[in-house]
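Student: Please find one structure pasted underneath; my questions will follow.
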Amino acid sequence: MKKLAAGNWKMNGTQASLAEVTALLEAHPDPACEMLLCPPATLIAAMAALARGTALMVGAQDCHPKPMGAHTGDISAAMLRDAGATHVIVGHSERRIDHGETSALVKAKAEAVVDAGLTAIVCIGETEAERDSGKTLAVIGTQLDASIPGGATAANLVVAYEPVWAIGTGRTPTLTEIAEVHSFLRGRLRGLIGAEAEGVRILYGGSVKPTNASDIFAVPHVDGALVGGASLKAADFGAIVAALSAA
Ligand code: 13P
């Protein structure tokens, strides 16, 4: 299994930000891991043009579950593919919380991604209150069961474990806590999709930085990272790519 360093730019970036992509590719033209950036939809086509013929893949942050139609402001998975995306993040906690997305909707989106021939990065994660009350595994197990697409394979599914309380806070679970969750998720995936589970990348996300990346990547069943803030700067994301390549 090749590990995956994925960056989620969230609602950040304009054409000028593409200079970071050029710098990233100059510094890391041929990493040992896969490298993906998910810019806002407005930058997908331009970033994909820059990335063509390089080791960088380009993804999107969300899509509509339907392939086309009267859905003002929405974008379908097929359109994202047409713009050059190979992956689509679905079910990020910022969408589950800010837009009331349920796991059923996340699953419908993930299935639209797979139907369009792309890879779905399905995000799950507990809130701080859920962790404090000992419900972490129950919450993420339920989210995983209800969110992954039918017909999921190692090629069309990536799972991202992102504790809500670790996103953008500089706080992370302990390495033991990350290990517990990732090994639980591998087992849960085995129950859901059998042998394909061994090849599904399970990413950790939430305050991954150049300073903690190597430690996190040494945890069993951590197959990469989904990086927010630190993916905006080539130097930081490049250092994380290097750490994963060395893991
Ligand atoms: P940060 O790396 O900024 O904590 O964000 C993580 C995240 O939400 C990636 O999807």
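Student: Would you mind checking the stretch 160-189 for residues with the amide N under 13 Å from a putative spin-label position 7 Å along Cα→C-beta of residue 218?
Tutor: Of the residues in the stretch 160-189, 175-176 have backbone N under 13 Å from the label point off residue 218.
Student: So how far apart, in nm, are the two label points at residue 145 and residue 198 if each is 7 Å from Cα heading toward Cβ?
Tutor: 2.6
Student: Going by C-beta contacts inside 10 Å, put 34, 26 in order with the fewest on the left. Working shown, then result.
Tutor: Numbers: 34 20, 26 10.
Ordered by Cβ neighbours within 10 Å, fewest first: 26, 34.
Student: Quick one: what are the phi-derived ³J(HN,Hα) couplings along the stretch 53-66, Karplus 6.51/-1.76/1.60 with θ = phi - 60°, whole Hz, x for glycine and proline?
Tutor: Once rounded to whole Hz, the list reads x, 10, 7, 8, 9, 10, x, 10, 9, 5, 7, 8, x, 8.
Student: Still on this structure: Using 7 Å Cα-to-Cβ label points, what is the residue 70/residue 19 separation (nm, one decimal)?
Tutor: A separation of 4.6 nm, rounded to one decimal place.
Student: Calculate the tail of P(r) for the chain: the fraction of all Cα-Cα distances greater than 22 Å, expressed in %. Spell out each step's value before the answer.
Tutor: On the way: 14862 of 30381 pairs.
Summing the P(r) tail past 22 Å for the chain gives 49 percent.
Student: Between residue 137 and residue 174, how many nm apart are label points set 7 Å from Cα along the C-beta direction?
Tutor: According to this spin-label approximation, the distance is 1.6 nm.
Student: Let me ask something else. Given only helices, namely DSSP H runs of n ≥ 4 each adding -39500 (n - 2.57), what is the per-residue ellipticity at 222 nm of the chain, to the nearest 500 deg cm²/dmol?
Tutor: -12000 deg cm²/dmol
Student: Another one. Output the direction-averaged projected area (hull surface divided by four) of the convex hull of the alpha-carbon atoms of the stretch 1-123, in nm².
Tutor: Convex hull of Cα atoms, orientation-averaged projection: 7.8 nm².
Student: Cα centroids of the stretch 84-141 and the stretch 191-246: how far apart, whole angstrom?
Tutor: 17
Student: Determine, for 2, 66, 109, the number of other Cβ atoms within 10 Å of each Cβ, and report the residues in order from fewest to most.
Tutor: Listing 2, 66, 109 from fewest to most nearby Cβ atoms yields 2, 66, 109.
Student: Output ³J(HN,Hα) for the stretch 124-140: one whole-Hz value per residue in order, computed from phi by the Karplus curve 6.51 cos²θ - 1.76 cosθ + 1.60 with θ = phi - 60°, and x for Gly and Pro.
Tutor: So the Karplus estimates, Gly and Pro as x, are 9, x, 8, 7, 5, 4, 5, 5, 4, 9, x, 9, 3, 5, 5, 5, 6 Hz.
Student: Please work out the Cα convex hull volume for the stretch 104-220 and give it in Å³ per residue.
Tutor: 106
Student: Moving on. If each residue of separation counts as 0.36 nm, what is the full-extension length gain between residue 86 and residue 45 once their alpha-carbon separation is subtracted?
Tutor: Numbers: separation 41, 0.36 × 41 = 14.76 nm, distance 1.15 nm.
Full extension from residue 86 to residue 45 adds 13.6 nm.
Values quoted throughout were computed directly from the atomic coordinates according to the rules given, and no laboratory measurement underlies them. Being a predicted model, the structure only gives us computed values, none of them experimental. When we count neighbours, we look across all protein chains shown, and the Cβ atoms used for this are built from the backbone with ideal geometry, even at glycine.
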